[in-house]
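Asker: The following block contains the structure, expressed as structure tokens.
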Amino acid sequence: MIKKYILTGFCLIVATFQLFAQPPKQIVVDGKTFLDLNNDGKLQPYEDTRLPNNRRISDLMTRLTLDEKINLVLGTGMKGFEGLIKDMVVGGTEYLVPGAAGTTYHLDKYGIPAIVMTDGPAGVRISPTRKNTDQTFYATGFPVGTLLACTWDTKLIEQVGRAIGNEVLEYGSDIQLAPAINIMRNPLCGRNYEYYSEDPLLTGKIAAAMINGIQENGSGTSVKHFAANNSEKNRMDLNVNVSQRALREIYLRGFEIAVKESNPATIMSSYNKINGIYTSADYDLLTTILRDEWGYKGVVITDWFGGYSNGLEALMGKGKEHNTSLQLKAGNDLLMPGIPSQKEDILNDLKSGALTEADLDICVKRILDMILSSNKIRNYQFSNKPDLKKHAELTRQAATEGMVLLENKENALPLAPGTKNLAVFGSLSYNLIAGGTGSGDVNKAYIVSLKEGLKNAGYSTDQKLEEFYTPFVNAEVAKVKEALKANPLMLVPLMPQPKLKESMIKESASKNDVAIITIGRSSGELDDRKIEADFKLTQEELNLIDNASSIFHAQGKKVIVVLNNGGAIEVTSWKDKVDAILMAWLPGQEAGNSVADILSGKENPSGKLSMTFPIKYEDVSSADNFQGLPADKPTEVMYKEGVYVGYRYFNTFNVKPAYEFGYGLSYTTFEYSDMRISDKVFDNELYVSFNVKNTGKVSGKEIVQLYLSSPTNVIDKPVKELKAFAKTRLLKPGEEQTITLRLSLRDLASFNQGKSAWVADKGSYQIEVAASALDTRQKESFMLPETKIVEKVNNVLNNKASFVDLKP
Ligand code: BGC
């Protein structure tokens, strides 16, 4: 008790000190104003912003003590773990931005501030309220990563990134722990909703756009989780066995593109091991590949408490397997959040020679570079008042751009002019899910329900149904809120459907023009989705679809299903029963308005799937090897499918999907014509042009995809792979746009494991210009006369398991 009071008193003193702390004084030298970071009235080299960071850092390095250096590589963490881990260095800087995930250590003596890190990716995750003030600190709940990727629109993503960056800056954060770009290896991964795609090119391009957007104002990002964190179960102890080729072509490639095209301030290593080594302690991953091959100059940080066998249990002293020094030597500069035992480890290892001060210095210098490049060190006076209204408008529009129209029989959508009365079914229609759970969840001020969105769009919704659903939904929401108080990391259970009497559906069918049913799923960190009652619909959901469809159809009225979830779901058993299906994903705080914009036709859907929807779960190439073994606490997972992930598998092995990668309908139609290629023989690059014409009756945008089939006489390859894409501008009926896409030599190359190189094999290549992975519109071919070694790389990250990758 006494301890608690002392602690509270200490926190108050710290908080009060911070509240009244003077901003650093200014100092004028040669007519220029600088911040006197250490308040000594002199301009020290490290304070001199005219000097490049490396000069300023060299000066600082001569001043820092060993203890200060060690503190710099140990971050502080979010509140909540103090009770779990004895003497943890957490919470010490919580007052800076309450609800942030952590900060770096501050060295006041040199005016080195703590750099604040906030979670994402769907917005800035901070506490919405703070002690002693009525002001609220809600951040915008943007659509989840999956929806954003389904826009295939890098310009729009950059704009969303800019808005997020603005909230990072104005809420006093420095690094947004986003984007999350692991490959969707399997539809059941609990965090797929945060991730972009099953395809590394789409992933990398969308990630680069997001990072460039966020970082434009000087904020930083942390692209995560590097790498192969493709399932959640026992994620801190899971060893991913995967071939070099699958790593290079699938699991690392998105990160490679992001690093090369956007230069994220930080990269977050993942929890898992790859081929026996924790990613955060893997020199070959973090230095040989990331820095030496890709040229990355920024900071690598661990995922929270990452790199310990047995995860949190180890931190609490059970079965501890330390690898602090290995992490630092591997190039994992910052340990988040640091704990006292890591400090001991470092000191011991410095003594024994297992770690040298030079090793430590490398990490410290990178961290200093990040701090000296931050907005915080510029003493930016953040407002705590980002333009939430403007961002709400952006999120509403961005959400519509990524929604995917899966079915639309006889133009059931948009709702016909004159449609007035809507029967809104399904619990989630009254409580749409805006985002997933865990660190990817944003504290937003509101979520527009579908019922509200439809009302805002001028429709009347069935009052009786509303009265039936509302108390049920409210009671369910209250239960979940209560349970979350006890266990904040809990996964939100599926919202049940109350049993609707047939007579009620009949009455509703007689009074309304159209039925709309929402079916949805939530998922999040720490566990994966299940096949039953998650990937598959529940019996009560199927009953609802059955009953509503037969009753409404009997009266000649249409039934629309809105899917409100973060990933693929089973559709084949029920899709023919309804007239239209809109995949609305987890669309952010404006959810209901965004869905209504599409249903009403105010916006024409232009999203396309960034992943395959299988007919049944067993059709997925990793179905038998998803989480690994032993099943209850998997420690080993075999990526036996090799590079045949997603459409690469479905297309090559002729497995019919429910909806293929790149698929999505529109309220209009598009014609592709006049495909031209710049040369029939490939030299250094090749340009592909074609025209896209809106041949329908309303304006719309089309996502166009370029797939390449490469010669397979040397190694097996997927029948085709996405190599470029674009989204047209909004084309009016009859309007045409010429699209030009570029192919580089690297685009022709596959990873030849025997040669440790990206190799473009000689022979004939076929280019397909397509509307989806199965809807080719135009074809051309060209020759590569000689085999070319495009890039020789290091023979690292060897798979030690004894399986051979799947081959066609
Ligand atoms: C998640 C990260 C997140 C971190 C900090 C971890 O559990 O895996 O994505 O950034 O926590 O909240």
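Asker: Starting from the coordinates of the alpha-carbon atoms of the stretch 414-460, obtain the Kirkwood hydrodynamic radius over all distinct pairs and give the value in Å to one decimal.
Answerer: The Cα-based Kirkwood calculation yields 12.5 Å.
Asker: Can you list the HN-Hα couplings for the stretch 638-646, worked out from phi with the Karplus curve (6.51, -1.76, 1.60; θ = phi - 60°), rounded to whole Hz and with x for Gly and Pro?
Answerer: Result, ordered by residue: 10, 8, 5, 6, x, 7, 8, 10, x Hz.
Asker: Just read off the accessible area of Leu784 with the full protein assembly in place, 1.4 Å probe, to the nearest 10 Å².
Answerer: Spelled out: Leu784, probe radius 1.4 Å, area about 0 Å².
Asker: Here's something else I'd like to know. Checking the a/c ratio against 1.5 first, then a/b against b/c, what shape does the Cα gyration tensor give for the stretch 94-162?
Answerer: oblate
Asker: Any idea what the alpha-carbon Rg over 2.2 N^0.38 Å comes to for the stretch 670-792?
Answerer: Numbers: Rg = 15.9 Å, N = 123, 2.2 N^0.38 = 13.7 Å.
Taking N as the residue count of the stretch 670-792, the ratio is 1.16.
Asker: Quick one: Debye curve from the alpha-carbon atoms of the stretch 110-227 only, equal weights, vacuum; give me log10 I(q)/I(0) at q = 0.09, 0.10, 0.19, 0.22 Å⁻¹ to two decimals.
Answerer: Here the Debye-derived log intensity ratios amount to -0.25, -0.30, -0.95, -1.18.
Asker: A further question follows. What share of Cα pairs, in percent, lie more than 14 angstrom apart in the stretch 651-728? Could you put the intermediate results ahead of the total?
Answerer: On the way: 2188 of 3003 pairs.
Of all Cα-Cα distances in the stretch 651-728, 73 percent exceed 14 Å.
Asker: Pairing the Cα long axis of helix 2-20 with the longest principal axis of the chain, what angle in degrees results, from 0 to 90 and rounded to the nearest 10?
Answerer: 90
Asker: Angle check, please: helix 388-402 long axis (alpha carbons) against the longest principal axis of the chain (alpha carbons), in degrees 0 to 90, nearest 10.
Answerer: 50
Asker: Restricting to the chain, compute how many DSSP beta bridges are antiparallel as a %, nearest 5.
Answerer: 60
Asker: Also: Which order, highest average first, do 386-394, 479-487, 654-662 follow once you tally other Cβ atoms within 10 Å for each residue and take the mean per peptide?
Answerer: 654-662, 386-394, 479-487
Asker: Provide the gained length on full extension for the span Asp632 to Asn217, in nm with one decimal, where the gain is 0.36 nm per separating residue minus the Cα-Cα distance.
Answerer: Net length gain for the segment: 144.9 nm.
Asker: Working from the alpha-carbon coordinates of the stretch 460-532, get Rg over Rh, Rh being the Kirkwood radius. Could you put the intermediate results ahead of the total?
Answerer: Working: Rg = 15.8 Å, Rh = 14.8 Å.
Using Cα coordinates only, the ratio equals 1.07.
Asker: If the chain between Glu671 and Thr740 were fully stretched, how many nm would it gain, using 0.36 nm times the residue separation less the Cα-Cα distance?
Answerer: Stretched out fully, the Glu671 to Thr740 stretch lengthens by 23.3 nm.
Asker: In addition: Please report the orientation-averaged projected area of the stretch 225-281, defined via the convex hull of its C-alpha atoms, in nm². Could the numbers behind the result be given before it?
Answerer: On the way: hull surface 15.8 nm².
Hull-based average projected area comes out at 3.9 nm².
Asker: So, one more: On alpha carbon coordinates alone, what is the Rg over Rh value for the chain, Rh being the Kirkwood radius?
Answerer: On the Cα set of the chain, Rg over Rh gives 0.97.
Asker: On to the next question. Once the convex hull of the C-alpha atoms of the stretch 26-378 is built, how many Å³ does it hold per residue, rounded to a whole number?
Answerer: Taking only Cα atoms, the stretch 26-378 has a hull volume of 144 Å³ per residue.
Asker: If eta is 0.890 mPa s and T is 25 °C, what Stokes-Einstein diffusion coefficient results for the stretch 450-583, Kirkwood Rh from Cα pairs, in µm²/s?
Answerer: Values: Rh = 16.2 Å.
Rounded, D is 151 µm²/s.
Asker: Could you give the angle, 0 to 90 degrees to the nearest 10, between helix 253-262's Cα long axis and the longest principal axis of the Cα atoms of the chain?
Answerer: 70
Asker: Just tell me which aspartates and glutamates come within less than 15 Å, Cα to Cα, of Lys131; anything on the same chain fewer than 8 places away is out.
Answerer: Glu94
Asker: Next question. Among the lysines, which fall within straight-line cross-link reach of Lys732, defined as a Cα-Cα distance under 16 Å, with same-chain neighbours fewer than 8 residues apart omitted?
Answerer: Cross-link targets: Lys602, Lys693, Lys697, Lys701.
Asker: May I pose another question? Using alpha carbons only, how many angstrom separate the centre of the stretch 622-689 from the centre of the stretch 358-372?
Answerer: Value for the Cα centre distance between the two parts: 40 Å.
Asker: What full-extension length gain, to one decimal in nm, is calculated for Lys25 and Arg63 as 0.36 nm per residue of separation minus the Cα-Cα distance?
Answerer: Gain in length upon complete extension: 11.6 nm.
Asker: Then there is this: To the nearest 500 deg cm²/dmol, what mean residue ellipticity at 222 nm is calculated for the chain from DSSP H runs of n ≥ 4 alone, each contributing -39,500 (n - 2.57), summed and divided by the residues?
Answerer: Details: 19 runs with 219 residues, N = 808.
Result for the chain, helices only: -8500 deg cm²/dmol.
Asker: To continue, here is another question. Could you order the peptides 788-800, 121-133, 96-108, 202-214 from most to least packed, using the average number of other C-beta atoms within 10 Å per residue?
Answerer: Packing proxy ranking, top to bottom: 202-214, 96-108, 121-133, 788-800.
Asker: Once you treat every alpha carbon in the stretch 139-193 as an equal point and sum by Debye, what is log10 I(q)/I(0) at q = 0.22 Å⁻¹?
Answerer: -0.95
The values are calculated or read from the model by the stated rules, or taken from the named source; none is laboratory data. None of these values were measured; they are calculated from a predicted model. Note that each Cβ is placed from the backbone with ideal geometry, even for glycine, and that neighbours are counted across all protein chains shown. These accessible areas exclude ligands, DNA and RNA; they are computed on the full protein's heavy atoms, side chains included. Shrake-Rupley method; radii C 1.70, N 1.55, O 1.52, S 1.80 Å.
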